[in-house]
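Asks: Let me begin by handing over the structure; questions about it come next.
None of the figures in this text is laboratory data; all of them are computed from the coordinates on show. Keep in mind the model is a prediction, meaning the values are calculated, not measured. FYI the Cβ positions are ideal-geometry reconstructions off the backbone, even for glycines, and counts take in every protein chain you see.
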Amino acid sequence: MSAFINRRKIWRLAVLVTAILILASPFFPEYYSDPLLILAAIGGVWALVFHLHARHAQESASFRELFVNFNERYDLLNERLTRALHREGAFTVDDTQAFVDYFNLCAEEWLFFSAGYIYPSVWRNWENGMRQYGTDARVAELWRQESKTESYYGLKFPIGHAVPNLI
């Protein structure tokens, strides 16, 4: 994930900026070559790096909490959804409720993705899972009916589309 790569790059960048400040300081104009000023600039760079690192750690913890929560909730629905898909004919009341619960889960995932709390690669994988359900005509029709309520935060559930070949 790019967020983890960028986190590693910020430390290298801080070391590079520190080295540049130290090595270039003899060439600064007299006013800017004061050792305390250079030390303050280096301290500012490192304070920013530690702030960005702490913020990233906090965002990662938030993402992990969301990720675990969404996956646990999906795991509770998975058996009911699979059973409904393998059953012939119209959905039962329980099948319908399972898919409504699933649509709500997907909508919450969409809401957090669109707010920037879910990594795009994770969202693409979840969306591919939605496509698998969306190819079933009964699910597609249920989504068409449910989406009329406009209570899914703007989620566009992928119906009638095959899962793209990821190879």
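Asks: Using a simple charge model, +1 on the beta-carbon of Lys and Arg, -1 on the beta-carbon of Asp and Glu, nothing else, what dipole does the chain show about its Cα centre, in debye to the nearest 20?
Replies: Working: 16 positive and 18 negative charges, 97 e Å.
Roughly 460 debye, rounded to the nearest 20.
Asks: Between Ser33 and Asp94, what length comes free when the chain is fully extended (0.36 nm per residue of separation minus the Cα-Cα distance, one decimal in nm)? Don't jump to the answer; show the numbers that get you there.
Replies: On the way: separation 61, 0.36 × 61 = 21.96 nm, distance 7.41 nm.
Going from the current span to full extension adds 14.6 nm.
Asks: Something else now. Using the charge dipole of the chain (Lys, Arg: +1 at Cβ; Asp, Glu: -1 at Cβ; taken about the Cα centre), state which of Gly160, Val17, Phe50 has its Cα farthest towards the positive end.
Replies: Val17
Asks: Who wins for biggest fluctuation among Ser60, Ser147, Ser33 in a Gaussian network model of the chain, springs between alpha carbons below 10 Å?
Replies: For the chain, modelled as a Gaussian network with Cα springs under 10 Å, the answer is Ser33.
Asks: Oh, and also: In degrees between 0 and 90, to the nearest 10, how far off the longest principal axis of the chain does helix 2-24 point, with axes built from Cα atoms?
Replies: Rounded to the nearest ten degrees, it is 10.
Asks: Could I ask something else about it? Once you have the Cα-Cα distance between Arg144 and Leu52, take 0.36 nm times their residue separation minus that, and quote the gain in nm to one decimal. Mind dumping the intermediate values first?
Replies: On the way: separation 92, 0.36 × 92 = 33.12 nm, distance 4.32 nm.
Taking 0.36 nm per residue and subtracting the Cα distance, the gain is 28.8 nm.
Asks: A further question follows. Between (1) 10.7; (2) 13.9; (3) 9.6, which matches mean projected area of the Cα convex hull in nm² calculated for the structure shown?
Replies: Checked against the structure: label (2).
Asks: Right, another one. Between Ile22 and Ser62, take the C-beta separation as r, use R0 = 41 Å, and let me know the FRET efficiency to the nearest 0.05. It would help to have the intermediate numbers written out before the result.
Replies: Numbers: r = 36 Å, r/R0 = 0.89.
For R0 = 41 Å, the calculated efficiency reads 0.65.
Asks: If you don't mind, another one. If you average the alpha carbon positions of segment 115-142 and of segment 1-71, how far apart do those two centres end up, in angstrom?
Replies: Using only Cα atoms to place each centre, the spacing works out to 36 Å.
Asks: In what sequence do Val49, Val139, Val68, Val100 fall when counting other Cβ within 10 Å, fewest first?
Replies: Numbers: Val49 17, Val139 24, Val68 10, Val100 14.
Taking fewest neighbouring Cβ atoms as first place, the list is Val68, Val100, Val49, Val139.
Asks: Using the 10 angstrom Cβ neighbour count as an exposure proxy, how do Trp123, Trp143 rank, fewest first?
Replies: Numbers: Trp123 15, Trp143 26.
The fewest-first ordering by Cβ neighbours comes to Trp123, Trp143.
Asks: Still on this structure, please answer the following. From the backbone phi of segment 115-125, what are the Karplus-calculated ³J(HN,Hα) couplings (6.51 cos²θ - 1.76 cosθ + 1.60, θ = phi - 60°) in whole Hz, Gly and Pro given as x?
Replies: Karplus values, whole Hz, x for Gly and Pro: 8, x, 8, 10, 5, x, 5, 5, 4, 4, 5.
Asks: Out of Asn71, Gly116, Tyr102, whose Cα points farthest toward the positive end of the dipole of the chain (charges: +1 Lys, Arg; -1 Asp, Glu; placed on Cβ)?
Replies: Final value for the positive-end residue is Gly116.
Asks: Once both labels are modelled 7 Å past Cα along the beta-carbon direction, what's the Ser114-His86 spacing in nm?
Replies: Placing both labels 7 Å along Cα→Cβ, they lie 3.5 nm apart.
Asks: With an 8 Å Cα cut-off and a minimum separation of 6 or more residues, compute the relative contact order for the chain in percent. All intermediate terms of the calculation are to be shown ahead of the outcome.
Replies: Values: 102 pairs, mean separation 30.7, N = 167.
Relative contact order here is 18 percent.
Asks: Of all the stretches in the chain, which is the longest one without any exposed loop site, taking GluC sites (Glu not before Pro) in a DSSP loop (any state but H, G, I, E, B) with at most 16 other Cβ atoms within 10 Å? It would help to have the intermediate numbers written out before the result.
Replies: Details: sites that count: Glu88, Glu150.
Between the exposed loop sites, the longest stretch runs 1-87.
Asks: Same structure again: Exposure proxy check: His53, His86 ranked by fewest other beta carbons within 10 Å?
Replies: On the way: His53 14, His86 7.
Placing the least packed residue first, the sequence is His86, His53.
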